[in-house]
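The values are calculated or read from the model by the stated rules, or taken from the named source; none is laboratory data. A quick note: this is a predicted structure, and the numbers were derived from the prediction, not measured. Cβ placement follows ideal geometry from the backbone for every residue including glycine, while neighbour counts extend to all protein chains displayed. Calculation scope for accessible area: heavy atoms of the full protein, side chains included, ligands and nucleic acids excluded. Shrake-Rupley method; radii C 1.70, N 1.55, O 1.52, S 1.80 Å.
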Amino acid sequence: MFKRRPHFISILSNIGRFLILLVIPLIRGLLVSLRGGFQFWLASAWMDIAVVVLIAAMGFAEWFCMGYCIDSGCLLFWQGILFRRVRRIPLDKISWASIVRPWYLRPLRAVEFRADTPGGSQNESDFTMLLYKSDAEYIFTVLDRLLPSLKAPPFAPREYRPRGFYVIILSALTSNSLAGILLASAAISRIGDLMGKEFSERIYGTLEQLARLAAFGVPPAAAALAYLLLGGWALAFLANLLRNKNLFVVRRANSFFIRGGLFTQRSYTLDLSQVNYLDIRQSVSTKALQMQSAFLHTAGYGKNKEDVSALIPAAHNRDAQRTLQMLAPELVPSPRSIQPNFGAIMKFLLDAVWCCILVPAASWLLCRLVPDWEQVIRYIGFIAMVPALWFLTVRILDFRTSGLSRDGDTFTLRYSQFFYLHTVVIPKERIVEICLRQSVLQWGDQKCDVLIYSRCEGRTRHHLKNLDRKECALLFDLPGYVPTPKKNFFALLKRRKDESK
């Protein structure tokens with residue numbers, strides 16, 4: 001039986017849970033210093049030392065009472081000093097496992113090991129521990145060998161290494177300014193904690209001065225906002241590029257092995273039978289360049305924002321289809337067989353058109369109410385029109401490409417969500433609910449909105465607009481949803497009336 005304790009560095013992370021106890025020596029030291037001065041506090045410093053020793057002892061005791069093992073095809077782990085909690089996870093139920101090797105833990109040969117099942121928490125992994133590198137790799141190897149051997153016949157592994165240009169495109173697409181701004185703010189705040197508040201204020205002052213110098217006729221406040229968004233996007237782009245660097249994918253019989261990262265190296269193993277669906281994403285720019293990215297949705301994978309979640313970072317449409325055929329032939333999208341009619345165009349464009357109308361209307365109204373800020377408001381309104389027009393373009397493309405199709409027991413859903421076009425390939429067994437929803441305006445032409453729900457550590461909704469109700473019912477094998485033809489409706493009523501007599 002494989003039985004181990006976590007890495008000793010876990011003691012430090014355990015101590016962090018008891019740092020609240022440091023409030024006791026801080027308050028006591030403050031009170032003693034006010035009464036008798038520094039020498040009087042120094043004479044009674046043994047009490048503070050005792051509290052620190054107690055915190056270290058509690059961290060060590062928690063580490064000593066933690067452990068894990070592999071026994072009878074299950075991963076067991078336990079923790080707790082006074083109340084011990086033991087959890088058992090069958091190895092064949094683990095859909096995803098990862099090894100994260102941060103650069104600062106490599107000299108200590110420590111890694112973060114995580115594992116998830118479809119029945120776990122939506123926010124946290126079912127199993128998370130800091131382990132020795134050799135122990136984590138042993139568990140990883142056991143899982144990697146178990147998945148193919150139990151659920152599919154063996155076949156030659158297939159490898160995929162994307163070009164660096166495709167990784168750059170993925171990093172550009174998945175980057176947003178807000179994440180970069182939060183990252184920069186956290187970094188400057190941490191520098192201020194280490195170097196002093198005055199140092200961090202100098203950084204902010206320098207950035208403000210640079211924004212004023214580079215305004216180029218634009219109001220300084222508007223220029224600062226623009227440079228803030230641009231700088232945030234650049235930082236997020238750099239973080240995504242470092243995370244997806246050296247991406248490597250291996251497809252085995254019924255599992256995927258994925259590796260990536262430059263400074264922090266990450267490795268994953270996924271059970272293909274536990275994959276919820278494949279999501280092929282396109283933005284307006286990649287649609288124009290005829291490129292697409294593919295992502296797997298399964299329990300645990302991509303739960304952490306720092307995870308490498310792409311199966312295909314970016315590729316030309318033809319190359320992406322060939323790569324999907326090689327890596328996941330079970331999840332290749334099929335040509336759409338049901339699509340919305342031309343009369344439904346306003347159902348796709350209405351909310352985007354409202355955005356394009358309300359942004360300039362709000363800018364005009366604010367300029368009337370606050371004339372002193374007219375230049376800034378106009379500039380911000382101009383910036384806000386860019387995502388509004390972008391959203392309108394997405395909805396136009398959505399109208400032209402959305403639809404539904406079926407190939408055996410696999411469905412292909414095409415729809416848009418926010419600023420992305422999605423092509424979702426989902427197996428029939430992963431669908432938990434199908435809803436054909438009709439509004440009053442859709443009664444006349446027998447159209448409906450299709451709502452498809454899938455569940456994997458949470459409920460995911462896929463919304464397709466204005467498709468033919470009868471065709472959708474036949475596609476999903478829902479005979480009760482097929483409407484009665486109008487020409488036979490009264491004949492059916494008469495027949496039922498005669499049968500009742």
The stretch 410-451, accessible area per residue, ligands and nucleic acids excluded (1.4 Å, Å²)
48 Å²
Mind jotting down the distance between the C-alpha centroids of the stretch 111-127 and the stretch 293-363, whole Å?
26 Å
Take the residue pairs Lys428/Lys470; Lys287/Lys428; Lys287/Lys447; Lys305/Lys465; Lys287/Lys465 and return only those whose Cα atoms are more than 22 Å apart.
Lys287/Lys428; Lys287/Lys447; Lys305/Lys465
Whole-percent tail of the Cα-Cα distance distribution for the stretch 362-407, cut at 15 Å, equals 59 percent
Taking only protein heavy atoms and a 1.4 Å probe, what accessible area per residue, in Å², does the stretch 59-123 have with all protein chains in place?
52 Å²
Mean shadow area (nm²) of the C-alpha convex hull around the stretch 226-338 is 8.9 nm²
Taking the Cβ of Asp409 as the centre, find all other residues whose Cβ is under 12 Å away and add up their charges (Lys, Arg: +1; Asp, Glu: -1).
-1
What does the charge count near Met326 come to, summing +1 for each Lys or Arg and -1 for each Asp or Glu among other residues with Cβ under 11 Å from its Cβ?
+1
Ellipsoid equivalent to the stretch 308-465 - semi-axes via the Cα gyration tensor, in Å
36, 22, 14
Counting C-alpha atoms alone, how compact is the stretch 298-384: give Rg to one decimal and Dmax as a whole number, in angstrom.
22.4, 61
